[in-house]
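Read the structure below first, then the notes.
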Amino acid sequence: MSVPDAEAFRAEVRDWLATNLTGEFATLVGRGGPGREHEFVEERIAWERRLGEGGWIGLGWSEEDGGRGLPWSHQVIFYEEYARAGAPGRAGHVGEQLLGPTLIMFGSSEQKQRYLPGILSGAEMWCQGYSEPGAGSDLAAVKTRAELRDGQWHVDGQKVWTSLAQFADWCFVLARTDAAAERHHGLSYLLVPMRQPGVDVRPIVQLTGTSEFNEVFFDDVRAAAQDIVGAPGDGWQVAMGTLAVERGVSTFGQQMGFRQEFEAVLAAAHANGAIDDPQLAARLVEAWIGLQVMHWTALATLGARLGAGPGNAPGTEANVAKLMWASWHRDLGELAVDVGGPEATLTGPDYDLTDAQRLFLFTRSDTIYGGSNEIQRNVIAERLLGLPREAR
Amino acid sequence: MEFFDTPEQEALRDALRSFTRKHATPERVRAAMASQTGIDEAAWKSLSNDLGLLGLAVPESVGGAGAGFAEVTVAVEELGRVLLPSPYASSALVVLLLAESVAPLAEELLPGLADGSLVGAPAWHADLSVGADGSLTGTAGNVVDGAAADVFLIAMGRDLLAVRASAVTVTPQPTLDQTRPQASLRLDAAPAVRVGESARALALHRVLTAAECLAGAEHCLDVTVGYLKTREQFGRPIGSFQALKHRCADLAVEVAAARSAVRAAVWTAALPEHAHPEQARPEVSLAALAPLAALVASRTFTRVTGEMIQLHGGIGFTWEHEAHLYFKRAKSSQLLLGSDTALRAEIGRVAGLLR
């Protein structure tokens, strides 16, 4: 397949969204983004299937893997237009953005044949089983165990902060398969079906009052012997590969979302007169400056990886970018309610939050998940600046 | 968008680094600081004649190298990184602006400016009135490299005017940052010629200064991190302590942000003024990007140099250590660029954020 002209491609994306984000899907506009992942999940899964039919999943994957082999510049266009149209938060992002690239990098050809089509069509939803109550920033401390008995993996343990677990068909699980090994050794990366006895999903009520995340309990849960990605004991390397691809080209869609959020805060400031407060005005300008800086930083990061496929993971620039956007977004959340003033202290009935309140509260998670700000600083200090590791 | 050096720019950067390794030694910088002019004359001669650095932006038809704004930025960065005491940044800006000018005076001055026999300097902080004959009367302060200059560029309203130093009373001023001299000017019916637009001049000035700040910040972060790797206390390198590592990481993020801002501004400023419609056009105008880069880069430079002193401990407080030179350069640049409040207000207006 040849690469279409960029502007023609932009028009194609726009037209498709305008045609398809209608009817049953019209209500999904603006839904399911950060802080709203709990909304309309069933409908958003149906929307994933529509996206799959349209060929909009796996744009950057090679054609051999079932994708469209488009360069990053086109993927950027897709994400920008997707956000511009207010299309819903992607229920399938865990499969497309995390597991898919991991399988492309580390999976066997049988695993790719079995699992990539379900991601590309939106037919199978995935969730991520990494964090545990005792293994947050220190992921290597996972205690979930898996044992190969009678031709099956038997999995026992507890995962936490698992998005969309109650809707997922599958979970990729980081589990200890060698009890004698320590830390990063003896871990394995297993593909575990979620719809089976012994899987218990319990939503976590967050400080927003809503539940995007879950606890997942595994009690003698089974996975097929061949559903291990990489060799037994190589789970850490595979899991790190997933974490690295987590911050890829979708950055641009995220930034388009940021821009829309900023515009809303700015409009609110003009509407209620907060813009006349010099300090709030200064913070709004600083927020706009931050948007520009993040945009160019993302361009530079991607430019450095020009032509890089999903197998080419970014380096420490991803950590710099994460620290930048997480802090920026949290500041925007504070600015949003500061602009609102006393009005921002009132919610709707049943703790129905305004957009500003949701931004204010939900962005507290941005600086924690996907590597907290503190972990990002450790990585930047050690890998980018080459400072010595802390004495342990 | 070009975020990285082209092969030619990389070669230029390499050449400049070998040049500055040779000329911008601590001894040479200190000697120039203590000298009457504040300029390392030998280095200035060499960069003008041997490197032809001032002719970078001069069209080949007038004997220059025919390079562009991005190349001049590379030079400003590399000289600024080592605080080479020379009027390069001032004079190169004047060359850039006169190279864009159609005024006969520009054509007359360019050859001398391009070979370094003449020096140009902008005067931003002026309080002047225009006489009936177009001459200028009044004063200007904080003119960087003013004592060395043969020609001044002065913004009056929308116009950029050129005034010969021979028509001006120039008084050198003692400066906090001794690596960059300043002077005050007194004009008494000094003849002035329009050579361009003041907005363009101010924008390019801000971008160049921002680039210089970025290079200084990069240098200071490098030096500080290097020190933390070798300095031992409590039996281990102090750079292994998380409290210090996190501060360095935050500085690294700030420097990365400044780099993004400067690169975007340089890229936009280097676009031909009437870019071909098919060429990439910036989403955000130079009118917003120039003050943005100036704000972000000078703030970053100031912060990094303050941390440089603190993280070096006592040695960072000495006259002997280089930290104070950068600390003073950073704050001076920030103050000369205008207050954060003023720059933010300007960005807000230009970007249509404020009413």
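Listed by chain and number, the lysines whose alpha-carbon sits under 21 Å from that of A:LYS322, ignoring those within fewer than 8 places in the same chain, are B:LYS245. Rounded to whole numbers, the Karplus 3J(HN,Hα) couplings from phi for segment B:146-154 are x, 5, 8, 7, 9, 9, 10, 10, 10 Hz, using 6.51 cos²θ - 1.76 cosθ + 1.60 with θ = phi - 60°, and x at Gly and Pro.
Exposure proxy check: B:PHE317, B:PHE301, B:PHE69 ranked by fewest other beta carbons within 10 Å? Each step should come with its number before you reach the end.
Working: B:PHE317 12, B:PHE301 32, B:PHE69 23.
Ordered by Cβ neighbours within 10 Å, fewest first: B:PHE317, B:PHE69, B:PHE301.
Quick one: net charge of A:ILE204's neighbours, Cβ under 15 Å, K/R +1, D/E -1? Local net charge: -2.
Counting beta carbons within 10 Å around each of B:MET308, A:MET194 and listing the fewest first gives the order A:MET194, B:MET308. Remark: mean inter-chain Cβ contacts per residue of A:374-384 equal 5, using a 10 Å Cβ-Cβ cutoff to other protein chain atoms. Normalised by the number of residues in segment B:276-355, the mean separation of alpha-carbon contacts (under 8 Å, six or more apart) gives a relative contact order of 39 percent.
Assuming R0 = 35 Å, can you tell me the calculated FRET efficiency for the pair A:SER2 and A:ASP169, based on Cβ-Cβ distance, to the nearest 0.05? Working shown, then result.
On the way: r = 34 Å, r/R0 = 0.98.
According to the calculation, E is roughly 0.50.
Give the relative contact order (percent, whole number) for segment A:86-143; include only Cα pairs under 8 Å separated by 6+ residues. RCO, segment A:86-143: 32 percent.
Averaged across the residues of B:215-227, what count of C-beta atoms belonging to other chains lies within 10 Å of each residue's C-beta?
Working: counts 0, 0, 0, 0, 0, 0, 1, 1, 0, 1, 5, 2, 0.
Shielding by partners across B:215-227 averages 1.
Please rank B:SER166, B:SER240, B:SER91, A:SER108, fewest neighbouring Cβ atoms within 10 Å first, as an exposure proxy.
Result, fewest neighbours first: B:SER166, A:SER108, B:SER240, B:SER91.
For B:ALA165, the shell of other residues with beta-carbons less than 15 Å away shows a net charge of -2, using +1 for Lys and Arg and -1 for Asp and Glu. Across peptide B:341-349, the average count of Cβ atoms from other chains found within 10 Å of a residue's Cβ is 4. Take the alpha carbon gyration tensor of segment A:72-145, find the square roots of its eigenvalues, order them as a ≥ b ≥ c, and report rounded if a/c is under 1.5; if not, report prolate when a/b exceeds b/c, else oblate. The shape class here is oblate. For segment A:155-170, backbone phi angles converted through the Karplus equation (6.51, -1.76, 1.60; θ = phi - 60°) give residue-by-residue couplings of 10, 9, x, 9, 10, 8, 6, 8, 5, 6, 4, 5, 10, 7, 8, 9 Hz, Gly and Pro being listed as x. Taking a straight Cα-Cα cut-off under 20 Å and skipping sequence neighbours fewer than 8 places away in the same chain, the lysines within cross-link reach of B:LYS45 are B:LYS22. Candidate cross-link partners of A:LYS143 among the lysines, defined by an alpha-carbon separation under 16 Å and a same-chain spacing of 8 or more, comprise A:LYS159. Calculated [222 nm] ellipticity per residue, helices only, for the protein assembly as shown: -15500 deg cm²/dmol; basis is -39500 (n - 2.57) per DSSP H run with n ≥ 4, divided by all residues, nearest 500. Please label the shape of segment B:59-156 as rounded, prolate or oblate, based on the square roots a ≥ b ≥ c of the eigenvalues of the alpha-carbon gyration tensor (a/c under 1.5 means rounded; beyond that, a/b larger than b/c means prolate, else oblate). The shape class here is oblate. Packing-based ranking of B:19-29, A:155-165 yields A:155-165, B:19-29, ordered from highest to lowest mean Cβ neighbour count within 10 Å.
How high is the relative contact order of chain B, given as a whole-number percent (alpha carbon pairs under 8 Å, six or more residues apart)?
On the way: 614 pairs, mean separation 52.3, N = 355.
15 percent.
Neighbours of A:PHE360, meaning other residues whose beta-carbon lies under 10 angstrom from its beta-carbon, give a summed charge of 0 when Lys and Arg score +1 and Asp and Glu score -1.
FYI, it's all coordinate maths here, none of it is from the lab. All of these numbers come straight from a predicted model, not from anything done at the bench. Glycine also receives a Cβ, built like all others from the backbone with ideal geometry; neighbour counts cover every protein chain displayed.
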